[in-house]
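Read the structure below first, then the notes.
Please treat every number below as a calculation from the coordinates, not as lab data. On a predicted model such as this, the values are computed, not experimentally measured, just so you know. Glycine gets a Cβ as well: all are built from the backbone with ideal geometry, and neighbour counts include every protein chain shown.
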Amino acid sequence: MTTITDNTPARPVSLWPAAHAADARRPRSLQTKIGASDTVCARRAGYLLHGRTPTDTGERRKAILGTYLHAGMLEAAREEYGWIIERRVEDDTIRGHIDAVQLDSHTAARLPKRLRPFLAAEEITVEDIKTKSTFQWDTVVRHGASEAEIRQVLLYADLLHTEGFADIDGQRQLARLGPLPVGRIRFRFLNRDSGEDHVQEMPFTAERARGARWWVEQVRAAETPEDLPRTFPGPGLSAICDNCPFKTACWGPDVAGRRSQSLLVRDDAERAQLLAEYVEVAEQMKPLRDRLKELRAQLDGSEEGVYGANALSWSGGNPTRVDDTDAMAALFTQAGLPVPTAPDTAAMKAQLKAAGIPVPVRLDHERRTAVSINVTARKTP
Ligand code: SF4
């Protein structure tokens, strides 16, 4: 608690320390057993299952905002539509909380009236709400849920299908329904920035869930987390790894000037193989990059609008902001302050060049040029 002891205006306290502390106390943040929502990365699921202590705090602010939005939307749906929300499902190997279950009329009629949804679904549907940023939105609309997101919801649906709702306080009546014939899974994506929503549905079948179950079995069968594959390519290449609580355990501590992924190369034979693949991929990409440039040139100047399956818009092309030195000098003069004078580098360079004198340079060891990779074919003797 903050105590105000004098009249000095204090900087308003940040809300984030409170949000992070509350988030760390959430049951999901403390669980050490595998949960359906932990099935994003095999290695990470292994760390959790083996009770390893997280090595990194990661950036949680976007995730926390997503959690608040998620909770608010679900609560509104419960109040207004009578949705069955945030219910636990589990068996001996996995557990999770389903965002929402839509019951068909036949199943809903088996519940006491006060627990029935206001509208029955055509078939029993397991719903999951995912919040996304505008940056991710185009991928979501074009490609739908990721493999990991589908796996998670298939696991929820399969638990409901095989076990029913968990028999715990607060949902005993639901548990009495027993295993339920789930017919469909549904994703509701919400754009955190614009509020747009996008729905994706797919039929649920036990056959479809088998792959997700097999994935969990592989994680459970591993003797150590290190025996499990890394599902993502690592820090700097995947936002999931950048924010992973086990980033250091998985990739080791950061080493200045080296990418984390470099630890994957053990000897020159592997290096040779990677270089060969690098050349092959670069060759495959060249015609595509060239074609992209041609297409961009042809589209230049086209009006914004919807053409076929795609919407075209333009960004950029605005004047850039530069320091207005004259206006600054005028402000200083008005205020009676001395206008700082500094050597005019551009004018001096131009004058030296005009006189044919090389422009002197020195090395700045604080600033480094980007490291580029150069691969050329080996000369045969
Ligand atoms: S750092 Fe990436 S690959 Fe490693 S456990 Fe975390 S999510 Fe998986």
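Table for the structure above
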quantity: Stokes-Einstein translational diffusion, the stretch 72-136 - Kirkwood Rh over all Cα pairs, 1.002 mPa s, 20 °C, in µm²/s; calculated: 163
quantity: Calculated from backbone phi, Karplus (6.51, -1.76, 1.60) coupling profile of the stretch 115-124 in Hz, x at Gly/Pro; calculated: 9, 6, x, 5, 10, 8, 8, 5, 9, 5
quantity: Structure-based [θ]222 nm, the chain - -39500 (n - 2.57) summed over DSSP H runs of at least 4, per residue, nearest 500; calculated: -12000 deg cm²/dmol
quantity: Pairs beyond 25 Å (Cα-Cα), from K130/K247; K62/K286; K286/K379; K62/K247; calculated: K62/K286
quantity: Cα-based helix-to-principal-axis angle, 268-299 vs the chain, degrees rounded to 10; calculated: 80
quantity: The stretch 16-248, relative contact order in percent, only Cα pairs under 8 angstrom and at least six apart counted; calculated: 25
quantity: Normalised per residue, the volume of the convex hull around the Cα set of the stretch 16-248 (Å³); calculated: 136
quantity: Placed amide H near G164: partners under 5 Å, 5+ positions off or other chain; calculated: L180
quantity: Local net charge near G257, Cβ-Cβ under 15 Å (Lys/Arg +1, Asp/Glu -1); calculated: +2
quantity: Neighbourhood net charge (12 Å Cβ-Cβ; Lys/Arg +1, Asp/Glu -1) for R110; calculated: +2
quantity: Relative exposure of Y47, Y156, Y307, judged by other C-beta atoms within 10 Å (fewest first); calculated: Y307, Y47, Y156
quantity: Percent of Cα-Cα distances greater than 20 Å, calculated over the stretch 205-309; calculated: 68
quantity: Value of relative contact order over the stretch 116-244, rounded to a whole percent, pairs C-alpha under 8 Å and six or more apart; calculated: 26
quantity: Charge dipole (debye, nearest 20) of the chain; +1 at Cβ of Lys and Arg, -1 at Cβ of Asp and Glu; calculated: 580
quantity: Among A327, S105, A346 the positive-end extreme of the charge dipole of the chain (Cβ point charges); calculated: A346
quantity: Relative contact order (percent, whole number), the stretch 187-305, Cα cutoff 8 Å, 6+ residue spacing; calculated: 9
quantity: Three principal axis lengths of the stretch 86-180 [C-alpha, angstrom, descending]; calculated: 44, 33, 20
quantity: Cβ-defined net charge surrounding N310, 11 Å radius [Lys, Arg +1; Asp, Glu -1]; calculated: 0
quantity: Centre separation in Å (Cα based) which lies between the stretch 302-367 and the stretch 128-190; calculated: 52
